[in-house]
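One structure is given here, and the rest of the page talks about it.
Laboratory data are not the source of any read-out in this text; all were calculated from the coordinates shown. Since the structure is predicted, the reported quantities are computational estimates derived from the model, not experimental observations. Every residue, glycine among them, receives a Cβ derived from its backbone with ideal geometry; neighbour counts consider all protein chains shown.
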Amino acid sequence: MERDFSRYHRQMLLPGFGADGQARLGQSTALLLGCGALGSVAADMLSRAGVGHLVIVDRDVVELTNLQRQVLFDERDVAEGLPKAEAARRKISAVNSSVRVTSIVDDINHTNIERFAEGADILVDGLDNFETRYLANDLAVKRGLPYVYGAAVGTTGMAFSVLPHTGGDAPWESHAGADLATPCFRCLFDEAPPPGTSPTCETAGVLGAAVAIVANFQVAEALKILTGNFERVTRTLLTLDLWTNEILQLKVANAYEKGDCQCCKHRRFEYLDGQAGSSAVSLCGRNAVQLRHRQQRGNVDLDALGSRLRAHGKVTANGFLLRAEVSDGNGDFEITLFPDGRAIVKGTDDPAIARGMYAKYVGG
Ligand SMILES: [Zn+2]
């Protein structure tokens, strides 16, 4: 049956789009990693644009403090306590019923990401921590999948499209006679910053407009990639600060040649193989989860982190450890953090919830 593309008329008029681009888009699957601020904007726009299948993975529940920027959700979702992935699926079905949506309420880690990515043509980043980004990047390089990185915190944002080097098999490596492969995320950011040093939306706040710009930049990149317009992909690292009005596109195209990337040059997938990153162990009978980094990334500055967390709950520190009482839609928690980055999250025996609290309040 001929598909009715009339709702996409304004989009098909764009250079390099047309009915062919629309048909390609309608046959493609996008895996959305996280459906918070970036992810909800991306899910909305990708489904309006007519992506064929959207797989949404998110571990969180919609909360009132999300509504300032997470455009897909509303007060009813908060009242019903809906998981974000499911709330997004319901909303998208009303926006564009021709888009197939698979919602998965889960924590993304090295044991499940390959399963979530089955059949995916692109990975779109709506994540809130470095570790899962390295994991997504590992998968992208290993499987030759495009990965569109995005991040926003405070009034700042960053984005970059990875068209991974695969050894010549990917369509972007022989596009109109040119090799358009880019550096990978790890070429640009070799190591995650030590835990507790990067700002998070929970501690530093976040401007909805910064999120929306970054997410829509990601969507534009995803549409170029899914319609085969590889030559239009930016190949620069976008950084912006809407408060200081600095908007830059950093030239990073030679980071692959100049660097010695463990991931895309040596094809070592430490995060996907479970050798790097963190492990989460439920501490039996204690209603607590211990999180531990497999590779130490430097000591945590407990004093600096303590002063940041004091605005969010009671904090005690004794030089050996820091303890913070924080709460969110999942309940009340006590995070105990040690200088080597090890943490015990009390108040849950669910590793996914513990990882979420760590990403929100400690970061990394
Ligand atoms: Zn690389």
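Between Arg267 and Arg48, the modelled label-to-label distance comes to 4.1 nm, taking each label 7 Å out from Cα in the direction of the beta carbon. Against the chain, whose longest principal axis comes from its Cα atoms, helix 208-226 is set at around 40 degrees.
The amide H of His175, built 1.01 Å from its N in the peptide plane, has Leu180 as neighbours under 5 Å, considering only residues 5 or more places off or on other chains. Nearest 10 degrees, 0 to 90: what angle lies between the long axis of helix 130-143 and the longest principal axis of the chain (Cα atoms)? Result, in degrees: 40. Where only DSSP H runs of four or more residues are counted, the chain gives -8500 deg cm²/dmol as its mean residue ellipticity at 222 nm, each run worth -39500 (n - 2.57). Once backbone amide H atoms are built at 1.01 Å from N, Val61 has Lys84 as its partners under 5 Å, excluding neighbours fewer than 5 places away on the same chain. In terms of other Cβ atoms within 10 Å, Thr182, Thr348, Thr197, Thr65 run from fewest to most in the order Thr65, Thr197, Thr348, Thr182.
How would region 275-326 be classified by its alpha-carbon gyration tensor: rounded, prolate or oblate, with rounded meaning a/c under 1.5 and the a/b versus b/c comparison settling the rest? The shape class here is oblate. With the cut-off at 1.5 for a/c, could you classify region 215-254 from its C-alpha gyration tensor as rounded, prolate or oblate? Oblate, since a/c reaches 1.5 and b/c is not below a/b. Each of Cys35, Cys284, Cys184 has some number of other Cβ atoms within 10 Å of its Cβ, and from fewest to most they run Cys284, Cys184, Cys35.
The listed peptides 166-175, 311-320, ordered by packing as a protection proxy, come out as 166-175, 311-320 (highest mean of other Cβ atoms within 10 Å first). Relative to the dominant Cα principal axis of the chain, helix 37-49 is inclined by about 20°. With neighbours defined as other Cβ atoms within 10 Å of a residue's Cβ, the residues Leu54, Leu305 order from fewest to most as Leu305, Leu54. Rounded, prolate or oblate: pick one for the chain, where a ≥ b ≥ c are the square roots of the eigenvalues of its C-alpha gyration tensor, a/c under 1.5 means rounded, and failing that, prolate if a/b is larger than b/c, else oblate. Because a/c hits 1.5 or more and a/b exceeds b/c, the chain counts as prolate. Averaging Cα coordinates gives a centre for region 95-133 and one for region 216-236; these two points are 19 Å apart.
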